[in-house]
1. Just to be sure I understand the filter: pairs with C-beta atoms under 6 Å, separated by 6 or more residues or on different chains, first member in region 27-51 and under 17 Å from Q87 (Cβ atoms) and in contact (Cβ under 8 Å) with a residue 24 or more places away in the chain, second member surrounded by fewer than 16 Cβ atoms within 10 Å (Cβ to Cβ) and of a type in the set (A, V, I, L, M, F, W, C). Which pairs pass?
2. Only residues that are open to solvent by less than 60 Å² (accessible area, probe 1.4 Å), of a type in the set (S, T, N, Q) and not in a loop (DSSP other than H, G, I, E, B): list them for region 86-122, please.
3. Restrict the check to region 58-79 and report whether at least one residue is touching a Pro at 6+ places or on another chain (Cβ under 8 Å), open to solvent by less than 80 Å² (accessible area, probe 1.4 Å) and either part of a loop (DSSP other than H, G, I, E, B) or in contact (Cβ under 8 Å) with a residue 60 or more places away in the chain (or both).
4. So which residues in region 123-140 are under 30 Å from R22 (Cα atoms) and in a loop (DSSP other than H, G, I, E, B)?
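The values are calculated or read from the model by the stated rules, or taken from the named source; none is laboratory data. Quick caveat: nothing in here was measured; it's all calculated off a predicted structure. Cβ: placed from backbone, ideal geometry, glycine included. Neighbour counts: every protein chain shown. SASA here: full protein model, heavy atoms, side chains in, ligands and nucleic acids out. Shrake-Rupley method; radii C 1.70, N 1.55, O 1.52, S 1.80 Å.
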Amino acid sequence: PVVEPSSSLAPIAPAAFNGDWRALVVHLKLGQAGMLAQHSELLSYTVIQFNIKVEEVHRSVATRDYQEKLRLALSEHFGRDIALNVQIGEVKTETPADIHYREKQERQDQAVAAINADPFVQTMVKECGASIALDSIKPI
C-alpha cells in the first residue's frame, strides 16, 4: 500500500520512518546526491519504494547517478532494497532546501529586528547619525 507522507499509519520497519522527508534527508548525509534529495518533494512511500518529485529548474540534480546514490542510501538506511521513482514537475510542498532557506531567512530577519530594536543602536542612529549596514548582520 502507498502511504502519503502526512499519514498517521505505522512507520516503516526496521528503521522507523514517519514521513518527515527533511529529517530523513538530513540524517542520510548524502554528499552530492543530497542535492537531489534536498530539492525533492516526497510524494509517497511504501516499505519498498519512495516516490519523489523535482522541479524542472532542478532537473540537473535528478541524474541517474544521483538517483542511484540516493536509492542506495535509502536501501542501506532501511536495511532492504528500496526502489526510487523520480518525477520532474511542479512541486506542491516545500522541499528540504526550501525549508532550509525559509528558516535561514527568518533567522536573518530576527537578527535585523533585534539590532534595530536595540536601545544603544537606536541612540547611535538618532543622536550620532550612525547607519546600520544590513548586509553585515549575521544571526548567531
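1. S44/V2; T46/V2; Q49/A83
2. Of everything in region 86-122, just one residue is open to solvent by less than 60 Å² (accessible area, probe 1.4 Å), of a type in the set (S, T, N, Q) and not in a loop (DSSP other than H, G, I, E, B), namely Q108.
3. Taking every residue of region 58-79 in turn, at least one turns out to be touching a Pro at 6+ places or on another chain (Cβ under 8 Å), open to solvent by less than 80 Å² (accessible area, probe 1.4 Å) and either part of a loop (DSSP other than H, G, I, E, B) or in contact (Cβ under 8 Å) with a residue 60 or more places away in the chain (or both).
4. Selection gives I137, K138, P139, I140.
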